[in-house]
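Comments concern the structure below.
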Amino acid sequence: MFWRSGTIIVLVLSAVGAAIKESRQHMKAYRQIFGDKFYRDHGFFPTCRIAFFSEPKTLGEARNTCKEMRFGDSNMKLASLDDDDAFQELKIAQEIALPKAKIKGKNNNMQWVWLDVKKQGNMYVGPNNKDLGKNLHAHDQPICPQGGHTCPRENIVLDHKGKFGQVNAMRKFPFACAVIRPSYIISSNQVTWAKAKFLCESAGFRLAIVRPEDLGRFKVAMNFFLGKKDDSLEPFDSRNWVWVGGTDREEEGEWEWAYKNSGFPIDNWTAYPWREVNRPKLTGKETQPDDAMRIGSTGQDAMAINRDGQYDDSYINVRRKRAFACSCNAPKFG
């Protein structure tokens with residue numbers, strides 16, 4: 001019996017350790033994907049499912065901000081806890097936007113976050129009165145941030161330690177919006193295609209899968225994350241391009257997404273809107289993809305999309321660096 005109990009304890013500790021390691025890996029990747037620039041420019045820190053705002057607002061103000069704001073081509077709402085992935089991303093965004101050094105002090109309002117969760121009797125419920133008890137009971141019992149021995153209000157806030165509190169709706173706290181239909185997050189940090197793939201996967205996602213029918217949403221996402229297109233830039237200026245997950249490195253001319261089980265095979269890549277070349281290439285090809293060669297590299301085996309929604313092939317591991325996109329709604333690995 002002792003052996004069995006000891007084995008169970010070891011397995012549990014191992015699972016906890018693996019979860020902590022994965023969370024730290026995701027956090028490190030998000031820092032590299034967005035850094036501090038997006039947060040400074042936009043006033044919130046994004047993940048695929050969460051937009052975290054550090055400016056304190058009342059519960060009503062927080063709900064209205066989420067309702068009125070767009071996240072790329074997606075609507076938002078005040079976050080609840082009915083999505084375990086969103087909960088983990090909330091903790092990552094909260095720690096990056098408000099590191100513990102900024103929220104010291106027992107009564108510091110900045111350590112709490114508004115959620116769309118209420119206490120009804122002995123249950124904690126989210127939108128549509130969905131019971132969220134299984135999520136809440138995984139953490140400490142609710143406490144009252146305002147002090148005292150009673151919690152006179154049913155509105156729920158979450159602190160950076162995972163403790164829940166019940167507060168008056170007119171108090172002001174940071175808040176998190178949930179992205180209703182996430183599609184892409186796009187980083188303005190310029191890296192190689194291989195590095196972009198690594199960062200997306202390290203955050204738990206994939207280098208973006210963008211089919212022709214997805215281009216409308218993708219262009220909206222580019223404008224949201226990168227700003228409006230600068231028409232003064234040269235066609236192949238790196239700021240005009242975003243890495244996505246297409247490649248033909250296994251078999252030249254046979255394009256596929258870099259994930260075997262993506263569920264979106266490129267059945268007819270010639271039907272994709274490839275960028276027309278301004279002048280004939282040395283290969284004799286006048287349209288993309290041209291697989292142009294470069295000294296010290298193989299051909300162009302990585303896919304990119306420009307701000308006009310045109311595809312192009314480029315280099316995977318050489319100095320060509322561009323912004324990149326991760327898919328939020330695709331299966332995570334494969």
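The values are calculated or read from the model by the stated rules, or taken from the named source; none is laboratory data. Predicted model, so just to flag it, every value in this text is computed and none were measured. Cβ coordinates were reconstructed from backbone atoms using ideal geometry, including for glycine residues, and neighbour counts include every protein chain displayed. For accessibility, only protein heavy atoms count, side chains too; no ligands or nucleic acids. Shrake-Rupley method; radii C 1.70, N 1.55, O 1.52, S 1.80 Å.
Summary table below
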read-out	value
Qualifying residue in the stretch 190-211 (condition: of a type in the set (Ser, Thr, Tyr) and either surrounded by 16 or more Cβ atoms within 10 Å (Cβ to Cβ) or in a strand (DSSP E or B) (or both))	yes
Subset of the stretch 290-332 [under 29 Å from the mean Cα position of the chain (by Cα) and either of a type in the set (Asp, Glu) or modelled with pLDDT under 60 (or both)]	Asp301, Asp308, Asp312, Asp313, Ala330, Pro331, Lys332
Qualifying positions in the stretch 153-177 - touching a Phe, Trp or Tyr at 6+ places or on another chain (Cβ under 8 Å) and of a type in the set (Gly, Ala, Ser)	Gly165, Ala176
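Condition check ((1) modelled with pLDDT of 70 or more; (2) open to solvent by less than 80 Å² (accessible area, probe 1.4 Å)) across all residues:
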{"site": "Val220", "(1), (2)": "yes, yes"}
{"site": "Glu234", "(1), (2)": "yes, no"}
{"site": "Glu251", "(1), (2)": "yes, no"}
{"site": "Trp255", "(1), (2)": "yes, yes"}
{"site": "Tyr259", "(1), (2)": "yes, yes"}
{"site": "Tyr272", "(1), (2)": "yes, yes"}
{"site": "Gln288", "(1), (2)": "no, yes"}
